[in-house]
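The values are calculated or read from the model by the stated rules, or taken from the named source; none is laboratory data. As the structure is a prediction and not an experimental result, all values here were calculated from the model. All Cβ positions, glycine included, derive from the backbone under ideal geometry; neighbour counts span all protein chains shown.
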Amino acid sequence: MAQLPQSTTRDSFGSRFGVIAATAGSAVGLGNIWRFPYIAGENGGGAFLIIYLVFIVLIGLPVMLSEFAIGRSTQRNAFGAFRKLKPGSKWFLVGIMGIAAAFMINAFYSVIAGWTLEYLVKAASNQFRGTDPQGVSLLFSEFQSSSWRPLMWTLLFVSISAFVVIAGIKKGIEKYTKILMPLLVILILILGVRSITLPNASQGLQFLFQPDFSKIQASSIIVALGQAFFSLSVGMGTLITYGSYIQKKENLGASTVSVAFADTLIAVLAGVAIFPAVFAFGISPESGPDLVFITLPNVFAQMKGGYFFALMFFFLLSVAALTSTISILEVVVAYFTEEMKISRLKATILASIGIAFLGVLCSLSLYNVPEISIAGVNLFGILEYTASNILLPVGGFFIVIFVAWFFKGKLLKAELSSGSRFKIKYYPYFMFLVRYIAPLAIALVFLNGLGLV
Ligand code: PHE
C-alpha cells in the first residue's frame, strides 16, 4: 500500500521521541501526582488501584489508539476530524463535547497548577525546613485563606500555558517536554526511596498494594474509570489533536503502549512516594485535594538535601502540569484556528480569558467563597467530577464506537500500520476491544453508578 500523504503545511512533532515526550507530557501531570493519590486515598487504596489498572488496559489503551488514528488520518482538530470522516452526521458533537470538557478541565487544573507555583516559591524560600506536620498543614491553610495569592498563581499559570501554545508545536511543546519529563521520573524515584525508608512506611505500602474490595463502592468504580481517562488524557480529543501532528511514519500502536505505560508507572510511583509518608506523619489518606501539599513537605523537611529536592520537585511538578495544560488548551486553539479561521494568537488569548475566568471562580469556590456551589458542591468539585467522570468516559464511549463501526476498515488499517510500514498483529484484539469490551464496560460502569445493575 502506498505511503499516506503527509500534509506539508501543518506543524508536526519532529521525531519519534518527540511524539512520545509530548503525549506523555500531556498524560503525565497533576493527574498522576496530585489526583491519583488523593482519589486512591479516598477510595480505599489497593482495590482501587487494581480496578484502575484494569480500566487502563481494557478501555484506556483502545480509546487512546482510536484517538490517534482519527487525528492522524484526518489531520484535523477534534471537531473537524469527525466532520471530515462523517460529513453531514451528528458525530461532530463528540468533538464539541471534548472542547467543552477542555474548558472545564483547564479551569480547575490551573488552580492546582497555581498551588504548585506557590509551593515552588515556598521551597525556594526554605519554608519547609524544621516544620512538623502541624506546621506543614498551617502553611497550606494560610495560603488558602489568602484572598489573592491562589488567584494570582492561577492567572499566572494560565498565562504561561498561553505563552507556550502561541509558540506552536515543535518549538513550544516538544522542545521543553523532551528534557524535563525524564528528569521528573528520576526525582519521583528518589522521593519514593526516601518515603519507604520512613518509620511506619510499610503501612502506606500496604494501603496502596493490599486490595481490600470491601472498601469499594459503586461510586469508586466510576471514579476509577474517570481517573483512567483523566490520567491518559483521553475522551475529549486531546489525542485526536496531538495525533494530527504525528508524522505518518510513526508507529501509533507502539507510541500508545509506551505512553500508557509511562503514565501508569508514574502514578504508582507517586503513590509510593506519598502513602508511606501519609502514615509516617499521621495524615489522613482521605485528605482530598490537599493531600500532596500536606504530605510531601514533611518528607522534604526530614530529608538530607531536602531543600534541593523540594525545589526540584515543585519545579518539575509545575512543568508536568504545564505540558498537560498546553495539550488541553491546544484542543480549543486548534478548533478555533481551523474551524473559525482566526489566528493562533487570537485563538489562544480568547480561550485563555475564558479559562482564567472560570479558573478564578473555581479557586474561590474551594475555600474563600464556598457559596459558589450547586446543591452544596463547590464549583471546583462540580467541574472536576462532571468533566472527568462523565464527559471523558462518554466521549471515550463514542470514540471507540466510531472507530469500531464507522471508520472504514481499510483506512483504519492503513493508518495504524502507517501504510503497511508496520505489522499490526494486535489489530483483531484492538477491534475486539473497541467493538465490544470498551463500550460495554463503560456502559456497565455507568449503569452500575446509577444503581441500575
Ligand atoms: N492527563 C493529564 C494529567 O494527568 C490531564 C489531562 C486531562 C490532560 C485531559 C489532557 C486531557 O495531569
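Brief remarks on what is shown
- Residue satisfying all of: in the stretch 205-230; buried (at least 23 other Cβ atoms within 10 Å of the Cβ) and among the aromatic types (Phe, Trp, Tyr); farthest from the ligand (Cβ to nearest atom) among these: Phe229
- Considering each residue of the stretch 60-76 in turn, none proves to be modelled with pLDDT under 95, closer than 26 Å to Ile112 by Cβ and of a type outside the set (S, T, N, Q).
- Breaking point among (1) part of a helix (DSSP H, G or I); (2) more than 12 Å from the ligand (Cβ to nearest atom); (3) not basic (Lys, Arg), for Gly44: (1)
- Test: Ser233 is crowded, with 17+ Cβ neighbours inside 10 Å, within 13 Å of the ligand (Cβ to nearest atom) and either under 17 Å from the mean Cα position of the chain (by Cα) or not basic (Lys, Arg) (or both): yes
- Annotation: of all residues in the stretch 91-106 being touching a residue at least 24 places away in the same chain (Cβ under 8 Å) and away from the ligand (no atom under 12 Å from the Cβ), the one that is surrounded by the most Cβ atoms within 10 Å (Cβ to Cβ) is Gly95.
- Residue within the stretch 245-268 that is among the hydrophobic types (A, V, I, L, M, F, W, C), in a loop (DSSP other than H, G, I, E, B) and more than 10 Å from the ligand (Cβ to nearest atom) present: yes
- Considering the stretch 39-95, the residues that are over 27 Å from Tyr245 (Cα atoms) and small (Gly, Ala, Ser) include one that is nearest to the chain's Cα centre (by Cα), namely Ala40.
- Here Leu411 passes the criteria (1) surrounded by 13 or more Cβ atoms within 10 Å (Cβ to Cβ); (2) within 19 Å of Leu225 (Cβ to Cβ); (3) not aromatic (Phe, Trp, Tyr) except the one numbered (2).
- Tally of residues being over 10 Å from Val63 (Cα atoms) and away from the ligand (no atom under 13 Å from the Cβ) across the stretch 387-400: 2
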